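The structure appears below as structure tokens.
The values are calculated or read from the model by the stated rules, or taken from the named source; none is laboratory data. As the structure is a computational prediction, the values presented were derived from the model and not from experiment. In case anyone asks, the SASA skips ligands and DNA or RNA and just uses the protein heavy atoms, side chains included. Shrake-Rupley method; radii C 1.70, N 1.55, O 1.52, S 1.80 Å.
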Amino acid sequence: MSIVGISHLTFLVRDLERTARLFVDGLGAREVYDSGDRSRSLSPEKFFVLGGIWLVAMVGEPPAERSYRHVA
């Protein structure tokens, strides 16, 4: 078995619009989805594509404890 790719990376953020500007204007990502007022999302979120990888910015707080559940 081998890893063949990454589906997406989700970032928990406090300011969704500021993060969107960073991804689009700073990194050159393309916004492809905005949850807006849709209730099916856990919290407000936006999806982007950068270099073929999906990036997700979702409003939320980081986990209370440090763990090894991350990408570094």
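In the context of the full set of protein chains, residues of the chain present 83 Å² of accessible surface per residue (probe radius 1.4 Å, heavy atoms only). Checking (1) -0.67, -0.90; (2) -0.56, -0.93; (3) -0.63, -0.99 against the coordinates, the calculated log10 I(q)/I(0) by the Debye sum over Cα atoms at q = 0.16, 0.21 Å⁻¹ falls under label (3). Segment Asp15..Glu65, full-extension length gain: 15.9 nm, with 0.36 nm per residue of separation and the alpha-carbon distance subtracted.
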